[in-house]
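Participant: This is the structure I want to talk about, given as structure tokens.
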Amino acid sequence: MQHLILDWFSREGRVFPWRYDSPDPYHVLISEYMLQQTQTSRIAERFPIFLAKFPNILSLSNASNQEMILAWQGLGYNNRALRLRDCAKAIVNVHEGMIPADYDALLNLPGIGPYTASAIMSFAYGCNISVIDVNIRRIYARLNGYSNPDEMSNKSIESFAEQIYPKGKSSEWHQALMDIGAQFCKANQANCELCPMQEHCLSAFNVRIEKKKVRRTEPSYRNIPNRIWRGRVIEFLRHTNEYRSEKAELLRGILGEPIDEKDQKWFEDTISPALIKDRLIHYDSHTNIISISQ
């Protein structure tokens, strides 16, 4: 099966600006931060623009909060931008500007967990290591006859992952599975007739699609989650003169008119503290001026 999948990937693998034969570890690092909860099509568009502004780890490490937040437009949660910059600072200060090829060293960097550490080692350095993201976990479970990946224990999936990936081809193998998971073996759809793994999959043509789990109710205001409002605040400030605004003007900009005391209390009790905590805004309570953090 390994040869089948690698051959398929060489012919059909998706093309992205961070994927190439001799990947730059810096490019892999940036792409993995961007890929956390952001669509690949959007990243493909923004990735070259981001690299043009921050072409290397040193330039990224020296970026201000404001520069990072502005450069992260369209890439999802803004606090990830600051974690990426903090990660770059740690790489420059602790590792002399060299992105580690060591799992434990990577885990000690800001914003890097087990998946990202293994992905960097595999995709940037070609290390022999198993990589398990949501897509790959689902594929491994279905290969073993479990339609729902939650039916297969983490220990069993990790053991299977270590056994199945071809040594010396970790990068190609895991990127191939990510492509297969994105195109064929989806969470809410299984296109088994087109999947290159169909002959080796115990769930092929017999995948039971589970109903989507009902999401827990998020803290909201006016029936819109607060996390969306936080994003709208930053987006509004991105388009203001000098990236700052008087509070009432900002509230009118994101909520519309009229603004009442309830709106102001919600903003001061819920939205601004969260944005300040994440280092995304500065709020001068004396002048009521809100600005993107410097």
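Participant: With the condition kept exactly as written, say whether any residue in region 119-133 is within 15 Å of the chain's Cα centre (by Cα), in the same structural domain as ILE30 (by TED's automatic domain parsing) and not in a loop (DSSP other than H, G, I, E, B).
Facilitator: Within region 119-133, one or more residues are within 15 Å of the chain's Cα centre (by Cα), in the same structural domain as ILE30 (by TED's automatic domain parsing) and not in a loop (DSSP other than H, G, I, E, B).
Participant: Moving on. With the requirement that a residue be under 18 Å from the mean Cα position of the chain (by Cα) and of a type in the set (Ser, Thr, Tyr), what does region 103-118 give you?
Facilitator: Within region 103-118, TYR115, THR116, SER118 qualify.
Participant: Pull out all pairs, ordered by first then second residue, where Cβ-Cβ is under 7 Å, the residues are six or more apart or on different chains, the first lies in region 264-282 and is surrounded by fewer than 16 Cβ atoms within 10 Å (Cβ to Cβ), and the second is outside any loop (DSSP other than H, G, I, E, B) and of a type in the set (Phe, Trp, Tyr).
Facilitator: Pairs that qualify, where the first residue is surrounded by fewer than 16 Cβ atoms within 10 Å (Cβ to Cβ) and the partner is outside any loop (DSSP other than H, G, I, E, B) and of a type in the set (Phe, Trp, Tyr), are ILE276/TYR283.
Participant: Only residues that are surrounded by fewer than 16 Cβ atoms within 10 Å (Cβ to Cβ) and either aromatic (Phe, Trp, Tyr) or more than 19 Å from ILE276 (Cβ to Cβ) (or both): list them for region 230-241, please.
Facilitator: Answer for region 230-241, where residues must be surrounded by fewer than 16 Cβ atoms within 10 Å (Cβ to Cβ) and either aromatic (Phe, Trp, Tyr) or more than 19 Å from ILE276 (Cβ to Cβ) (or both): HIS239, ASN241.
Participant: Name the single residue, out of those in region 166-180 being free of Cβ contacts under 8 Å to residues at least 60 places away in the same chain and outside any helix (DSSP H, G or I), that is surrounded by the fewest Cβ atoms within 10 Å (Cβ to Cβ).
Facilitator: If we take residues in region 166-180 being free of Cβ contacts under 8 Å to residues at least 60 places away in the same chain and outside any helix (DSSP H, G or I), then LYS167 is surrounded by the fewest Cβ atoms within 10 Å (Cβ to Cβ).
Participant: Quick one: which of LEU4, LEU58, LEU75, LEU82 is crowded, with 18+ Cβ neighbours inside 10 Å and in a helix (DSSP H, G or I)? Quick ask: steps written out before the conclusion?
Facilitator: Working: LEU4 fails: crowded, with 18+ Cβ neighbours inside 10 Å; LEU58 fails: crowded, with 18+ Cβ neighbours inside 10 Å; LEU75 fails: in a helix (DSSP H, G or I).
After ruling out the rest, the residue left standing is LEU82.
Participant: Also: Inside region 205-223, can you point out the residues that are at pLDDT 95 or above and surrounded by 13 or more Cβ atoms within 10 Å (Cβ to Cβ)?
Facilitator: TYR221
Participant: So which pairs qualify, if the first residue must be in region 79-105 and at positive phi, the second must be part of a helix (DSSP H, G or I) and surrounded by 16 or more Cβ atoms within 10 Å (Cβ to Cβ), the Cβ gap must be under 7 Å, and the two must be at least 6 apart or on different chains?
Facilitator: These pairs meet every condition: GLY97/ILE57; GLY97/ILE91.
Participant: Further question on the same structure: So PRO100 fits all but one of (1) surrounded by 16 or more Cβ atoms within 10 Å (Cβ to Cβ); (2) assigned to a helix (DSSP H, G or I); (3) not β-branched (Val, Ile, Thr); what number is the exception?
Facilitator: (2)
The values are calculated or read from the model by the stated rules, or taken from the named source; none is laboratory data. Small disclaimer: the values here were computed from a predicted structure and weren't measured. All Cβ positions, glycine included, derive from the backbone under ideal geometry; neighbour counts span all protein chains shown.
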